[in-house]
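The values are calculated or read from the model by the stated rules, or taken from the named source; none is laboratory data. It should be emphasised that the depicted structure is a prediction, and the values quoted were computed from it without experimental measurement. Cβ sites come from the backbone with ideal geometry, for glycine too, and all protein chains shown count toward neighbours. Only protein heavy atoms, including side chains, enter the accessible area calculation; ligands, DNA and RNA are left aside. Shrake-Rupley method; radii C 1.70, N 1.55, O 1.52, S 1.80 Å.
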Amino acid sequence: MLTVTQLARKYDISRTTILYYEREGLLMPHIRSENGYRWYGQTEIKRLEAIMAYRAFGIPVSNIAPLLNREDDREQERILRDQLMALEHEIQKLRHQQKAIVLLLKQPSLLEQNMVNKDRWVEIMKAAGFSEDDMKSWHQHFEKMEPEAHQEFLESLSIDKEEIDKIRVWSRQP
């Protein structure tokens, strides 16, 4: 069992953050001692790890409870899809900013140096804990829900048309 301070130190976050998660109903102590100390066990520690993972993915605190509670698959899917779209929007916004700066610098070759490409995207997905099956499932859902956006996303990774066609066919297979 860990106190708030011990938990904060272990995960290199502030006590305030843990208490905020409690106020938001995301992380409750296992027990509270007579002197007011909050004690967290393994279940709460795993829950904190999940909260931190969702936050690392950019998911707002207000949207984390349905993901943790796993009660409504549609709500979970909506939250994750919305976050995916928000990330895609942010990537597009950053790309426009990159292009504007490159134009100001008059050096178009700079655009190709730091773009997110297929290999970088796969690396990001693996770092986020996605297995090959998870990535296929992600593509399948994206293709099913937003086929045009899926196409645009694949193009944004500088993947050639032939490979995009293969990925889209692959993502339609069960």
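For segment 1-33, give me the residue count where each residue is part of a loop (DSSP other than H, G, I, E, B) and either more than 30 Å from R81 (Cβ to Cβ) or open to solvent by 50 Å² or more (accessible area, probe 1.4 Å) (or both). Talk me through it step by step, then tell me what you get.
Our first condition is that a residue be part of a loop (DSSP other than H, G, I, E, B); within segment 1-33, this holds for 1, 12-14, 24-30, 33.
Then keep just the ones that are either more than 30 Å from R81 (Cβ to Cβ) or open to solvent by 50 Å² or more (accessible area, probe 1.4 Å) (or both); that gives 1, 12, 14, 24, 28-30, 33.
Qualifying residue count for the region: 8.
Suppose the filter is in a helix (DSSP H, G or I), modelled with pLDDT of 80 or more and open to solvent by less than 90 Å² (accessible area, probe 1.4 Å); does I91 pass it? Outline the logic, then answer.
On the way: in a helix (DSSP H, G or I): yes; modelled with pLDDT of 80 or more: yes; open to solvent by less than 90 Å² (accessible area, probe 1.4 Å): yes.
Yes, satisfied.
What residue, of G36, G58, is within 30 Å of L154 (Cβ to Cβ) and open to solvent by less than 90 Å² (accessible area, probe 1.4 Å)? Steps first, please.
Numbers: G36 fails: within 30 Å of L154 (Cβ to Cβ).
Answer to the check: G58.
Evaluate the following for R55: is it touching a residue at least 60 places away in the same chain (Cβ under 8 Å) and within 23 Å of K126 (Cβ to Cβ)?
no
Rundown of residues vs (1) surrounded by fewer than 12 Cβ atoms within 10 Å (Cβ to Cβ); (2) not acidic (D, E), yes/no style:
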{"position": "A127", "(1), (2)": "yes, yes"}
{"position": "F130", "(1), (2)": "no, yes"}
{"position": "D133", "(1), (2)": "yes, no"}
{"position": "H139", "(1), (2)": "no, yes"}
{"position": "E143", "(1), (2)": "no, no"}
{"position": "F153", "(1), (2)": "no, yes"}
{"position": "E162", "(1), (2)": "yes, no"}
{"position": "D165", "(1), (2)": "no, no"}
{"position": "S171", "(1), (2)": "no, yes"}
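Across segment 64-77, which residue is most open to solvent (accessible area, probe 1.4 Å) among those that are without any contact (Cβ under 8 Å) to a residue 40 or more places away in the chain and more than 21 Å from M125 (Cα to Cα)?
Selected residue: R74.
Quick one: what pairs do we get from segment 83-99, first residue farther than 14 Å from H150 by Cβ, second open to solvent by 60 Å² or more (accessible area, probe 1.4 Å) and at pLDDT 80 or above, C-beta under 8 Å, 6+ apart or different chains?
Q83/F57
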